[in-house]
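All remarks here apply to the structure that follows.
The values are calculated or read from the model by the stated rules, or taken from the named source; none is laboratory data. Worth saying up front: this structure is predicted, and the values here are computed from it rather than measured. Using ideal geometry, Cβ is built from the backbone for each residue, glycine included, and neighbour counts are taken over all protein chains shown.
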Amino acid sequence: MKKELRGFDSDVLSFADRRGIRMQVTNTETEVFKMLQDRGNLTTTTADRVDTGAARRFGESLATDPRAAAIDQKIASLESRRKELFGDQQPLVGFGIMGGVMAGAAMKPSGPPTKGIDAKQPSEPPQVPPKMQEAMALNGELMKLSEEKGKLIDARSREAGVPVRSGTMFAGQMSSDMMAEFQGAKTPAEKQQFEKMMGAVNGDRLQAARRESLRNIESLAARMDNPKMKGMLGKQLDDMRAHPEKIPMDRVKHNILIPDVHYYRPGGKGEAVLLDSENLERANKHVDGASGLYFSGTKTAQVDAAAVGRDGHTHGTASHELSHGLDYEVAAAVPAFYKTWSADLEKAYAQAKTRGASITEYALTNPREYVAEGVEHYHRDRALLKTRDPALHDVAERLLQQAGKLGVQ
Ligand SMILES: [Zn+2]
(Lines give C-alpha, C1' and ligand atoms only; values in the text may rest on other atoms or scores of the structure.)
Protein backbone atom coordinates (compact mmCIF):
# COMPACT_ATOMS: atom_id res chain seq x y z
CA MET A 1 0.00 0.00 0.00
CA LYS A 2 2.90 2.30 0.78
CA LYS A 3 4.17 1.72 -2.70
CA GLU A 4 0.78 2.59 -4.11
CA LEU A 5 0.87 5.93 -2.35
CA ARG A 6 4.53 6.72 -2.98
CA GLY A 7 3.61 9.82 -4.98
CA PHE A 8 2.05 11.50 -1.94
CA ASP A 9 3.92 13.96 0.19
CA SER A 10 4.83 12.41 3.56
CA ASP A 11 3.13 15.28 5.40
CA VAL A 12 -0.09 14.57 3.56
CA LEU A 13 0.15 10.92 4.54
CA SER A 14 0.84 11.86 8.13
CA PHE A 15 -2.28 14.07 8.11
CA ALA A 16 -4.32 11.14 6.81
CA ASP A 17 -2.85 8.93 9.51
CA ARG A 18 -3.56 11.41 12.29
CA ARG A 19 -7.14 11.79 11.17
CA GLY A 20 -7.55 8.03 11.39
CA ILE A 21 -7.93 7.21 7.71
CA ARG A 22 -7.30 3.51 7.21
CA MET A 23 -6.52 1.74 3.98
CA GLN A 24 -7.68 -1.84 3.51
CA VAL A 25 -7.11 -4.30 0.75
CA THR A 26 -10.13 -6.47 0.06
CA ASN A 27 -9.73 -9.83 -1.51
CA THR A 28 -12.95 -11.23 -2.72
CA GLU A 29 -16.17 -10.13 -4.27
CA THR A 30 -18.00 -11.81 -1.40
CA GLU A 31 -16.12 -9.68 1.08
CA VAL A 32 -16.92 -6.46 -0.73
CA PHE A 33 -20.53 -7.52 -1.03
CA LYS A 34 -20.81 -8.24 2.69
CA MET A 35 -19.19 -4.97 3.53
CA LEU A 36 -21.60 -3.08 1.28
CA GLN A 37 -24.47 -4.79 3.02
CA ASP A 38 -23.13 -4.23 6.52
CA ARG A 39 -22.73 -0.55 5.91
CA GLY A 40 -26.18 -0.13 4.49
CA ASN A 41 -24.91 0.60 0.99
CA LEU A 42 -26.83 -2.30 -0.35
CA THR A 43 -30.27 -3.54 0.50
CA THR A 44 -31.43 -6.93 -0.55
CA THR A 45 -35.07 -7.37 -1.34
CA THR A 46 -37.54 -10.07 -0.49
CA ALA A 47 -39.98 -11.80 -2.75
CA ASP A 48 -42.87 -10.41 -0.69
CA ARG A 49 -41.88 -6.88 -1.48
CA VAL A 50 -42.60 -7.51 -5.14
CA ASP A 51 -46.06 -8.87 -4.44
CA THR A 52 -47.59 -5.46 -3.93
CA GLY A 53 -50.56 -5.41 -6.24
CA ALA A 54 -49.38 -2.00 -7.44
CA ALA A 55 -47.53 -3.64 -10.30
CA ARG A 56 -50.59 -5.63 -11.24
CA ARG A 57 -52.80 -2.56 -11.29
CA PHE A 58 -50.18 -0.76 -13.32
CA GLY A 59 -50.08 -3.56 -15.90
CA GLU A 60 -53.86 -3.47 -16.18
CA SER A 61 -53.86 0.28 -16.61
CA LEU A 62 -51.57 -0.10 -19.61
CA ALA A 63 -54.49 -1.44 -21.60
CA THR A 64 -56.26 1.90 -21.19
CA ASP A 65 -53.16 4.04 -21.63
CA PRO A 66 -53.96 5.99 -24.82
CA ARG A 67 -50.58 5.52 -26.44
CA ALA A 68 -50.35 1.85 -25.52
CA ALA A 69 -53.91 1.31 -26.70
CA ALA A 70 -53.11 3.01 -30.01
CA ILE A 71 -50.14 0.68 -30.54
CA ASP A 72 -52.26 -2.35 -29.59
CA GLN A 73 -54.87 -1.28 -32.09
CA LYS A 74 -52.30 -0.93 -34.88
CA ILE A 75 -50.94 -4.36 -34.03
CA ALA A 76 -54.44 -5.85 -34.11
CA SER A 77 -55.20 -4.34 -37.50
CA LEU A 78 -51.92 -5.58 -39.00
CA GLU A 79 -52.61 -9.03 -37.62
CA SER A 80 -56.07 -9.12 -39.13
CA ARG A 81 -54.59 -8.07 -42.48
CA ARG A 82 -52.22 -10.99 -42.22
CA LYS A 83 -55.13 -13.26 -41.54
CA GLU A 84 -56.84 -11.90 -44.66
CA LEU A 85 -53.76 -12.72 -46.69
CA PHE A 86 -53.21 -16.22 -45.41
CA GLY A 87 -56.48 -17.36 -43.95
CA ASP A 88 -55.86 -20.59 -42.10
CA GLN A 89 -52.36 -20.77 -43.49
CA GLN A 90 -51.23 -17.54 -41.88
CA PRO A 91 -47.93 -17.67 -40.04
CA LEU A 92 -49.52 -18.18 -36.67
CA VAL A 93 -46.89 -17.22 -34.20
CA GLY A 94 -46.40 -13.55 -34.95
CA PHE A 95 -42.72 -12.86 -35.31
CA GLY A 96 -41.11 -15.68 -33.44
CA ILE A 97 -39.07 -18.56 -34.77
CA MET A 98 -42.14 -20.34 -36.04
CA GLY A 99 -43.18 -17.30 -38.03
CA GLY A 100 -39.80 -17.57 -39.74
CA VAL A 101 -40.23 -21.26 -40.46
CA MET A 102 -43.64 -20.70 -41.96
CA ALA A 103 -42.46 -17.80 -44.06
CA GLY A 104 -39.54 -19.88 -45.33
CA ALA A 105 -41.84 -22.72 -46.29
CA ALA A 106 -44.25 -20.44 -48.09
CA MET A 107 -41.41 -18.90 -50.06
CA LYS A 108 -40.57 -22.12 -51.90
CA PRO A 109 -41.18 -21.60 -55.63
CA SER A 110 -44.64 -22.76 -56.53
CA GLY A 111 -44.54 -22.15 -60.31
CA PRO A 112 -43.62 -24.62 -63.04
CA PRO A 113 -40.17 -26.30 -62.74
CA THR A 114 -37.32 -24.12 -63.92
CA LYS A 115 -36.09 -24.91 -67.46
CA GLY A 116 -32.50 -25.98 -68.01
CA ILE A 117 -31.55 -22.76 -69.70
CA ASP A 118 -32.79 -20.64 -66.79
CA ALA A 119 -30.66 -22.57 -64.35
CA LYS A 120 -27.58 -21.10 -66.05
CA GLN A 121 -28.59 -17.63 -64.91
CA PRO A 122 -28.06 -17.74 -61.17
CA SER A 123 -27.82 -13.95 -60.95
CA GLU A 124 -31.54 -13.58 -61.44
CA PRO A 125 -33.09 -12.61 -58.10
CA PRO A 126 -35.50 -15.15 -56.60
CA GLN A 127 -39.12 -14.35 -57.21
CA VAL A 128 -40.94 -13.51 -54.02
CA PRO A 129 -44.70 -13.75 -54.45
CA PRO A 130 -46.37 -10.37 -53.82
CA LYS A 131 -48.40 -11.91 -51.02
CA MET A 132 -45.20 -12.96 -49.25
CA GLN A 133 -43.68 -9.56 -49.82
CA GLU A 134 -46.60 -7.97 -48.07
CA ALA A 135 -46.39 -10.52 -45.27
CA MET A 136 -42.72 -9.73 -44.75
CA ALA A 137 -43.44 -6.02 -44.67
CA LEU A 138 -46.20 -6.69 -42.13
CA ASN A 139 -43.81 -8.64 -39.95
CA GLY A 140 -41.29 -5.83 -40.06
CA GLU A 141 -43.97 -3.35 -39.09
CA LEU A 142 -45.18 -5.58 -36.27
CA MET A 143 -41.67 -5.92 -34.91
CA LYS A 144 -41.25 -2.17 -34.87
CA LEU A 145 -44.55 -1.71 -33.05
CA SER A 146 -43.62 -4.37 -30.54
CA GLU A 147 -40.38 -2.57 -29.79
CA GLU A 148 -42.20 0.73 -29.46
CA LYS A 149 -44.67 -0.77 -27.02
CA GLY A 150 -41.84 -2.36 -25.01
CA LYS A 151 -40.16 1.00 -24.65
CA LEU A 152 -43.43 2.62 -23.66
CA ILE A 153 -43.99 0.01 -20.93
CA ASP A 154 -40.50 0.75 -19.63
CA ALA A 155 -41.04 4.49 -19.61
CA ARG A 156 -44.48 4.30 -18.01
CA SER A 157 -43.35 1.95 -15.26
CA ARG A 158 -40.46 4.29 -14.46
CA GLU A 159 -42.85 7.26 -14.32
CA ALA A 160 -45.19 5.32 -12.07
CA GLY A 161 -42.32 4.21 -9.83
CA VAL A 162 -43.57 0.66 -10.00
CA PRO A 163 -40.82 -1.83 -9.16
CA VAL A 164 -41.06 -3.89 -12.31
CA ARG A 165 -38.81 -4.46 -15.21
CA SER A 166 -40.53 -4.75 -18.50
CA GLY A 167 -37.17 -5.16 -20.14
CA THR A 168 -36.96 -4.45 -23.85
CA MET A 169 -34.31 -7.15 -23.81
CA PHE A 170 -37.10 -9.68 -23.69
CA ALA A 171 -38.43 -8.84 -27.12
CA GLY A 172 -40.47 -11.43 -28.97
CA GLN A 173 -41.66 -14.62 -27.41
CA MET A 174 -40.18 -15.80 -24.19
CA SER A 175 -41.38 -18.08 -21.42
CA SER A 176 -41.27 -16.98 -17.80
CA ASP A 177 -38.90 -19.87 -17.16
CA MET A 178 -36.42 -18.28 -19.55
CA MET A 179 -36.98 -14.88 -17.97
CA ALA A 180 -36.20 -16.38 -14.57
CA GLU A 181 -32.90 -17.65 -15.92
CA PHE A 182 -32.16 -14.27 -17.38
CA GLN A 183 -32.67 -12.78 -13.94
CA GLY A 184 -30.17 -15.24 -12.51
CA ALA A 185 -32.51 -17.86 -11.01
CA LYS A 186 -30.84 -21.25 -11.13
CA THR A 187 -32.24 -23.68 -8.60
CA PRO A 188 -35.77 -25.11 -8.89
CA ALA A 189 -36.70 -23.23 -5.70
CA GLU A 190 -35.54 -19.93 -7.16
CA LYS A 191 -37.38 -20.54 -10.40
CA GLN A 192 -40.50 -21.43 -8.48
CA GLN A 193 -40.20 -18.25 -6.46
CA PHE A 194 -39.78 -16.19 -9.62
CA GLU A 195 -42.81 -17.86 -11.16
CA LYS A 196 -44.84 -16.93 -8.11
CA MET A 197 -43.73 -13.32 -8.45
CA MET A 198 -44.65 -13.33 -12.14
CA GLY A 199 -48.12 -14.43 -11.12
CA ALA A 200 -48.37 -11.79 -8.41
CA VAL A 201 -47.30 -9.00 -10.74
CA ASN A 202 -49.33 -10.04 -13.78
CA GLY A 203 -52.43 -11.81 -12.48
CA ASP A 204 -54.84 -12.86 -15.23
CA ARG A 205 -52.71 -11.39 -17.98
CA LEU A 206 -50.21 -14.21 -17.54
CA GLN A 207 -52.87 -16.88 -18.11
CA ALA A 208 -54.31 -14.98 -21.07
CA ALA A 209 -50.92 -14.70 -22.75
CA ARG A 210 -50.22 -18.38 -22.21
CA ARG A 211 -53.65 -19.50 -23.38
CA GLU A 212 -53.28 -17.57 -26.61
CA SER A 213 -49.82 -18.91 -27.20
CA LEU A 214 -50.87 -22.51 -26.55
CA ARG A 215 -53.82 -22.14 -28.94
CA ASN A 216 -51.50 -20.86 -31.66
CA ILE A 217 -49.03 -23.70 -31.23
CA GLU A 218 -51.83 -26.29 -31.10
CA SER A 219 -53.26 -24.93 -34.32
CA LEU A 220 -49.82 -25.00 -35.90
CA ALA A 221 -49.38 -28.63 -34.84
CA ALA A 222 -52.80 -29.54 -36.23
CA ARG A 223 -51.95 -28.50 -39.76
CA MET A 224 -48.45 -29.97 -39.88
CA ASP A 225 -47.95 -32.58 -42.59
CA ASN A 226 -44.63 -34.01 -41.53
CA PRO A 227 -45.44 -36.71 -38.93
CA LYS A 228 -42.01 -36.49 -37.31
CA MET A 229 -42.23 -32.72 -36.79
CA LYS A 230 -45.82 -33.06 -35.68
CA GLY A 231 -44.78 -35.64 -33.09
CA MET A 232 -42.01 -33.43 -31.77
CA LEU A 233 -44.26 -30.44 -31.45
CA GLY A 234 -46.89 -32.64 -29.77
CA LYS A 235 -44.37 -33.65 -27.12
CA GLN A 236 -43.41 -30.04 -26.56
CA LEU A 237 -47.05 -29.14 -26.18
CA ASP A 238 -47.54 -31.84 -23.54
CA ASP A 239 -44.55 -30.48 -21.68
CA MET A 240 -45.90 -26.94 -21.85
CA ARG A 241 -49.34 -27.99 -20.62
CA ALA A 242 -47.72 -29.66 -17.63
CA HIS A 243 -45.35 -26.72 -17.04
CA PRO A 244 -47.06 -23.46 -18.01
CA GLU A 245 -43.88 -21.55 -17.11
CA LYS A 246 -42.37 -23.04 -20.28
CA ILE A 247 -44.98 -21.56 -22.60
CA PRO A 248 -43.53 -18.76 -24.70
CA MET A 249 -45.71 -15.69 -24.65
CA ASP A 250 -46.12 -12.37 -26.34
CA ARG A 251 -44.97 -10.22 -23.44
CA VAL A 252 -45.54 -6.91 -25.16
CA LYS A 253 -49.03 -7.63 -26.45
CA HIS A 254 -50.27 -8.80 -23.06
CA ASN A 255 -48.47 -6.18 -20.97
CA ILE A 256 -46.50 -8.83 -19.14
CA LEU A 257 -44.33 -7.22 -16.49
CA ILE A 258 -41.18 -8.69 -15.06
CA PRO A 259 -40.58 -8.35 -11.32
CA ASP A 260 -37.57 -6.19 -10.62
CA VAL A 261 -35.47 -8.85 -8.93
CA HIS A 262 -32.14 -10.38 -9.71
CA TYR A 263 -30.73 -13.51 -8.18
CA TYR A 264 -27.29 -12.39 -7.29
CA ARG A 265 -24.56 -14.71 -6.08
CA PRO A 266 -21.72 -12.93 -4.32
CA GLY A 267 -18.53 -14.37 -5.68
CA GLY A 268 -20.48 -16.01 -8.46
CA LYS A 269 -21.49 -19.04 -6.42
CA GLY A 270 -23.42 -20.21 -3.40
CA GLU A 271 -26.82 -19.06 -2.27
CA ALA A 272 -28.38 -16.22 -4.21
CA VAL A 273 -29.69 -13.02 -2.67
CA LEU A 274 -32.41 -10.93 -4.27
CA LEU A 275 -31.47 -7.47 -5.49
CA ASP A 276 -33.54 -4.93 -7.36
CA SER A 277 -31.96 -3.18 -10.34
CA GLU A 278 -30.83 -0.18 -8.34
CA ASN A 279 -28.98 -2.32 -5.84
CA LEU A 280 -27.72 -4.62 -8.54
CA GLU A 281 -26.20 -1.67 -10.30
CA ARG A 282 -24.60 -0.53 -7.08
CA ALA A 283 -23.25 -3.98 -6.34
CA ASN A 284 -21.90 -4.41 -9.85
CA LYS A 285 -20.29 -1.02 -9.78
CA HIS A 286 -18.46 -1.79 -6.59
CA VAL A 287 -17.90 -5.47 -6.89
CA ASP A 288 -17.08 -5.87 -10.55
CA GLY A 289 -16.40 -2.45 -11.94
CA ALA A 290 -14.95 -0.16 -9.35
CA SER A 291 -11.72 -1.17 -7.76
CA GLY A 292 -12.08 0.81 -4.59
CA LEU A 293 -14.43 2.43 -2.11
CA TYR A 294 -14.23 5.07 0.58
CA PHE A 295 -16.41 5.11 3.67
CA SER A 296 -16.45 8.52 5.29
CA GLY A 297 -18.12 7.25 8.48
CA THR A 298 -15.47 4.74 9.38
CA LYS A 299 -12.76 6.62 7.45
CA THR A 300 -11.90 3.47 5.62
CA ALA A 301 -10.58 3.24 2.09
CA GLN A 302 -10.98 -0.17 0.53
CA VAL A 303 -8.88 -1.13 -2.42
CA ASP A 304 -9.50 -4.30 -4.36
CA ALA A 305 -6.50 -6.62 -4.24
CA ALA A 306 -6.67 -6.98 -7.99
CA ALA A 307 -6.18 -3.23 -8.39
CA VAL A 308 -3.04 -3.08 -6.29
CA GLY A 309 0.12 -2.69 -8.34
CA ARG A 310 -1.81 -2.92 -11.55
CA ASP A 311 -1.41 -0.61 -14.49
CA GLY A 312 -4.20 0.48 -16.74
CA HIS A 313 -7.54 1.84 -15.64
CA THR A 314 -7.29 0.56 -12.10
CA HIS A 315 -3.87 2.06 -11.54
CA GLY A 316 -4.15 4.76 -8.94
CA THR A 317 -7.12 3.26 -7.10
CA ALA A 318 -5.40 3.65 -3.74
CA SER A 319 -4.62 7.32 -4.36
CA HIS A 320 -8.14 7.92 -5.64
CA GLU A 321 -9.70 6.43 -2.50
CA LEU A 322 -7.28 8.22 -0.20
CA SER A 323 -8.26 11.46 -1.93
CA HIS A 324 -11.84 10.95 -0.83
CA GLY A 325 -10.53 10.63 2.71
CA LEU A 326 -8.49 13.83 2.40
CA ASP A 327 -11.50 15.63 0.98
CA TYR A 328 -13.67 14.65 3.97
CA GLU A 329 -11.02 15.14 6.63
CA VAL A 330 -9.82 18.54 5.45
CA ALA A 331 -13.48 19.61 5.51
CA ALA A 332 -13.77 18.46 9.13
CA ALA A 333 -10.40 19.86 10.25
CA VAL A 334 -10.43 23.31 8.65
CA PRO A 335 -13.97 24.34 7.76
CA ALA A 336 -13.02 27.92 6.91
CA PHE A 337 -10.46 26.86 4.30
CA TYR A 338 -12.80 24.21 2.99
CA LYS A 339 -15.62 26.67 2.42
CA THR A 340 -13.57 28.88 0.10
CA TRP A 341 -11.87 25.95 -1.56
CA SER A 342 -15.16 24.16 -2.03
CA ALA A 343 -16.67 27.13 -3.85
CA ASP A 344 -13.73 27.08 -6.28
CA LEU A 345 -14.08 23.36 -6.70
CA GLU A 346 -17.77 23.67 -7.52
CA LYS A 347 -16.99 26.37 -10.06
CA ALA A 348 -14.30 24.27 -11.73
CA TYR A 349 -16.61 21.27 -11.73
CA ALA A 350 -19.47 23.24 -13.28
CA GLN A 351 -17.13 24.48 -16.02
CA ALA A 352 -15.88 20.97 -16.72
CA LYS A 353 -19.46 19.74 -16.93
CA THR A 354 -20.35 22.47 -19.40
CA ARG A 355 -17.27 21.63 -21.47
CA GLY A 356 -18.11 17.97 -21.15
CA ALA A 357 -14.46 17.17 -20.56
CA SER A 358 -12.00 16.79 -17.72
CA ILE A 359 -9.08 14.49 -16.93
CA THR A 360 -11.38 11.45 -17.09
CA GLU A 361 -15.01 10.87 -17.88
CA TYR A 362 -15.52 9.55 -14.37
CA ALA A 363 -14.44 12.94 -12.98
CA LEU A 364 -17.70 14.36 -14.32
CA THR A 365 -19.78 12.05 -12.11
CA ASN A 366 -20.04 14.49 -9.18
CA PRO A 367 -17.81 17.03 -7.38
CA ARG A 368 -16.46 14.35 -5.00
CA GLU A 369 -15.28 12.11 -7.85
CA TYR A 370 -14.02 15.17 -9.66
CA VAL A 371 -11.62 16.08 -6.88
CA ALA A 372 -10.62 12.43 -6.27
CA GLU A 373 -9.76 11.99 -9.93
CA GLY A 374 -7.90 15.27 -9.80
CA VAL A 375 -5.72 14.22 -6.85
CA GLU A 376 -5.10 10.81 -8.38
CA HIS A 377 -3.93 12.32 -11.65
CA TYR A 378 -1.97 14.99 -9.86
CA HIS A 379 0.26 12.15 -8.67
CA ARG A 380 0.14 10.25 -11.90
CA ASP A 381 0.87 12.91 -14.49
CA ARG A 382 0.78 16.45 -13.20
CA ALA A 383 1.59 18.06 -16.57
CA LEU A 384 -1.19 16.18 -18.30
CA LEU A 385 -3.69 17.20 -15.65
CA LYS A 386 -2.62 20.82 -16.00
CA THR A 387 -3.17 20.68 -19.76
CA ARG A 388 -6.46 18.82 -19.67
CA ASP A 389 -8.10 20.60 -16.75
CA PRO A 390 -6.01 23.42 -15.24
CA ALA A 391 -8.73 24.41 -12.77
CA LEU A 392 -8.87 20.87 -11.41
CA HIS A 393 -5.09 20.80 -11.18
CA ASP A 394 -5.23 23.92 -9.00
CA VAL A 395 -7.96 22.76 -6.63
CA ALA A 396 -6.27 19.37 -6.23
CA GLU A 397 -2.96 21.06 -5.47
CA ARG A 398 -4.53 23.38 -2.92
CA LEU A 399 -6.25 20.49 -1.13
CA LEU A 400 -2.95 18.61 -0.93
CA GLN A 401 -1.05 21.65 0.28
CA GLN A 402 -3.62 22.20 3.02
CA ALA A 403 -3.47 18.56 4.09
CA GLY A 404 0.34 18.71 4.09
CA LYS A 405 0.32 21.80 6.27
CA LEU A 406 -1.92 20.07 8.77
CA GLY A 407 0.32 17.03 8.64
CA VAL A 408 3.46 18.82 9.89
CA GLN A 409 1.75 20.61 12.77
ZN1 LIG B 1 -14.36 7.67 -6.03
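Within region 305-361, the set of residues being at pLDDT below 90, farther than 15 Å from H377 by Cα and outside any helix (DSSP H, G or I) comprises V308, G309, R310. For region 266-304, taking the residues that are at pLDDT below 85 and among the β-branched types (V, I, T), the one that is nearest to the ligand (Cβ to nearest atom) is identified as V303. When E212, E181, E245 are screened for being of a type outside the set (A, V, I, L, M) and not assigned by TED's automatic domain parsing to the domain that holds E79, only E181 passes. Counting only residues that are hydrophobic (A, V, I, L, M, F, W, C), surrounded by 24 or more Cβ atoms within 10 Å (Cβ to Cβ) and within 16 Å of the ligand (Cβ to nearest atom), region 364-398 holds 6 of them. Might you check whether a residue that is outside any loop (DSSP other than H, G, I, E, B) and under 30 Å from F33 (Cα atoms) occurs anywhere in region 201-215? Yes; the residues of region 201-215 include at least one that is outside any loop (DSSP other than H, G, I, E, B) and under 30 Å from F33 (Cα atoms). Please determine, by comparing only the residues of region 139-171 that are surrounded by fewer than 17 Cβ atoms within 10 Å (Cβ to Cβ) and part of a loop (DSSP other than H, G, I, E, B), which one is modelled with the lowest pLDDT. Selected residue: A171.
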